[in-house]
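Asker: Supplied in structure tokens, the structure appears directly below.
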Amino acid sequence: MRIRRMYSFLPLVSLVATLAFCGAASRATTTPANLDQAYEHRETRDLVVLVSDAADLVHAKGEAAFSDLRAAGSRWRQGEMYIFVLDPQGNMLVHPDPALDGKNVLDLQDINGKPIIRGLIDAATTLPDKPEGWYHYEWPVPNGLLPRWKSTYVQLVSAPSGKNYIVGAGMYNDRMERAFVVDAVRDAAGQIETHGESAFKLFHDPSGAYIAKDAYIFVFNPSGVDLVNPAFPNLEGRNLMDLKDTEGKQIIREMFRVVQTSGSGWVDYMWPKPGESVSTQKSAYVSKAKMGDQWVLVGCGVYLADAPKAASTATKMTAPQLMALVRDGSALLQQKGEAAYPELRAKGSKWFSDSTYFFVWSMDGTRVFHAADPAKEGQNDGAITDVHGRPYGRMFLEAGNSPAGEGWVHYMYPEPGDIFPTWKSTFVKRVTYPDGKQYLVGSGIYNMQMDKAFIEDVVNRASDVVAKEGQPGFAKLRDKTGPLVFMDTYVFVQKPDGVELVNAAQPSLEGKDLSVLRDVNGRAFVKDYITAAMQNGSAWVEYEWYKPGQNTTTRKLTYVRKVQSGGDTYIVGSGFYPES
């Protein structure tokens, strides 16, 4: 009998509850109306229909259907979308890539170490009453070099021979569907109900199925205590019932209201995306799950395609403006020393406005002045780290002790009076007081808009490392807890012929010739910025590229420098996507 495959075709409101324990049954009829309700985007609906029809073919013809699915130019193989077939042992039985077809690929991983094949098999087999599901990972487009997020839908199907197969297809589509989120929450709830608290480690695994793109699973107990928070583990164990979004909405209370009245549902709230200065609507799907003798709230939040942004109510200070402010404050401290502290502590002044304020450290890491929180004065924070383990205390001191005596540091830190960490960009500068002692003065901005100043700073610092240390210094550029990797910004190093030597974000590209890359307008942008750097020493280049988490291209600006280390020449660069 055909394994039942109905779940993804039902309206979203019934995705979690209606078919929770259906058992085996014959194939349900799929109607366009069902698909329209379940999925927002046509590409997703087309893919689900393709997989469903291929699974029907395997169910009817068994292994004889494999030759039909291999036919080039058929509906089963159209450009970037194609059907594949796996057995539960990880043997790839149908695939257009000869390097995979006919091989056991159980240990195949994406660029982040995510187990692709194991994940696909688990999506269709882990929960006995849910023989289908979605899995998200990064993989290059056919004949391409650069990995992109791929969302793959799989179904478990029985053939007339009695053997089971996993039939699937994927799409390079960075838009998150509501159904993807519901699917993840339902799976997570099933894991909790089956394994209890021991399931929590699955939700923390960055190479697992429950962290994809910018989405992750969170869990609260009925009192509002955060039990699972992979993005901000420092909040686990804390009661967040009164947490508010940027517009004052009580997020957690609203989530509990939804699950207590409806069992499951959606909650919208406003929250800044990493690296953006204004809030975007984030949507979270939440549901109840039984854990032992109590229940817990399980959810997952996501920024959906075309989510509305909040209107900017105030003009935020730019990076160059903050640099100028810190330099002005340094001049004041150099002239007055400690006598300047009352002036720097005055709220509403140019030195202390909203969440932008000054602090001063001694060069051993002791806080000697903190305008926003005087209670922190006297603490030595030279070894302090943020929620992701970034040693920003050490970064402050390294920037102050550098030949330039100043620099940017990016890390996660709560705004004054808040407990929720957010990205903060701080500019620090070494200053000498009238008594001859040296200190470190700094100020930062939360959720600062990315700026050319940040990129030039990170490229210049990376270039100094490469010039002094050559290839042995590459490890510092790859360090994801270091000062050269933050938000979606990282440093790359190439040879003048275009071969990638360092890529902290996509190490799978190292050793490959990227000079062949072109943007959507056909511009050979790698060749262009290498030529510009070789001729001028440094250059900014603009082109169209895919921003992480998006399936459409946008404007990207990349800064590159030519660097000499001994007899070797390198191109060091980094880029960002400017806000519109």
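Asker: Which whole-Hz ³J(HN,Hα) couplings does region 282-297 yield from phi under the Karplus relation 6.51 cos²θ - 1.76 cosθ + 1.60, θ = phi - 60°, glycine and proline marked x?
Answerer: 10, 10, 10, 9, 10, 8, 8, 9, 7, 10, x, 9, 10, 10, 10, 8
Asker: Turning to a different aspect of this structure: Rank the residues Ser355, Ser74 as a footprinting-exposure proxy: fewest other Cβ atoms within 10 Å of their Cβ go first.
Answerer: Ser74, Ser355
Asker: Still on this structure, please answer the following. Would you give the gap between the C-alpha center of region 120-157 and the C-alpha center of region 341-374, rounded to a whole Å?
Answerer: If we compute the Cα centre of each part, the gap is 50 Å.
Asker: Now for a different question. Quick one: net charge of Asn104's neighbours, Cβ under 15 Å, K/R +1, D/E -1?
Answerer: Net charge in that neighbourhood comes out at -2.
Asker: On to the next question. For the residues Ser402, Ser287, what sequence is obtained by ranking on other C-beta atoms within 10 Å, fewest first?
Answerer: Ser402, Ser287
Asker: Across region 114-129, in residue order, what do the Karplus-derived ³J(HN,Hα) couplings come to in whole Hz, using 6.51 cos²θ - 1.76 cosθ + 1.60 with θ = phi - 60° and x for Gly and Pro?
Answerer: Rounded to whole hertz, the list is 6, x, 5, 5, 4, x, 5, 5, 4, 4, 9, 10, 5, 9, x, 9.
Asker: Which FRET efficiency value, to the nearest 0.05, is calculated for Ala305 and Ala375 with the Förster distance at 56 angstrom and r the Cβ-Cβ distance?
Answerer: The pair Ala305/Ala375 has a calculated efficiency of 0.80.
Asker: Quick one: compute the contact order of region 391-530, relative version, from alpha carbon pairs under 8 angstrom and 6+ residues apart, as a percent.
Answerer: So the answer I get is 13 percent.
Asker: Something else about it: Determine ³J(HN,Hα), in whole Hz, for all residues of region 475-490 in sequence, where each value follows from phi through the Karplus function 6.51 cos²θ - 1.76 cosθ + 1.60 and θ = phi - 60°; x replaces Gly and Pro.
Answerer: 4, 5, 6, 8, 5, 6, 9, x, x, 9, 10, 7, 6, 10, 9, 8
Asker: Considering only C-alpha atoms, what is the centroid distance from region 432-478 to region 282-331, in Å?
Answerer: Each part reduced to its Cα centre gives a spacing of 25 Å.
Asker: For Ile384, what residues show an amide H to amide H distance below 5 Å, using hydrogens built from the backbone and excluding near sequence neighbours?
Answerer: Correct list: Gly393, Arg394.
Asker: Here is a follow-up. Any idea what the dipole of the chain comes to, in debye rounded to 20, about its Cα centre with Lys/Arg Cβ at +1 and Asp/Glu Cβ at -1?
Answerer: 260
Asker: Still on this structure, I have one more. Which net charge results when you count Lys and Arg as +1 and Asp and Glu as -1 among the other residues whose beta-carbon is under 14 Å from that of Pro421?
Answerer: -2
Asker: Contact order normalised by length for the chain, with contacts defined as Cα pairs under 8 Å and 6 or more residues apart; what percent is it?
Answerer: Worked out over the chain, it gives 8 percent.
Asker: Okay, next question. Applying 1/(1 + (r/R0)^6) with R0 = 45 Å to the Cβ-Cβ distance of Ala383 and Asp101, what FRET efficiency is obtained, to the nearest 0.05?
Answerer: Rounded to the nearest 0.05, the efficiency is 0.30.
Asker: Net charge near Pro496: determine it from the other residues with C-beta under 14 Å of the C-beta of Pro496, scoring Lys and Arg +1 and Asp and Glu -1.
Answerer: Result for the local shell: -1.
Asker: Sort Glu406, Glu377 so the one with the fewest other Cβ atoms within 10 Å of its own Cβ comes first.
Answerer: So the ranking, lowest neighbour count to highest, is Glu377, Glu406.
Asker: Can you grab the distance from the C-alpha centre of region 159-194 to the C-alpha centre of region 524-548, Å, no decimals?
Answerer: If we compute the Cα centre of each part, the gap is 40 Å.
Laboratory data are not the source of any read-out in this text; all were calculated from the coordinates shown. Everything quoted here is computed from the prediction, not taken from an experiment. Note: ideal-geometry Cβ built from the backbone for every residue, glycine included; neighbour counts use all protein chains shown.
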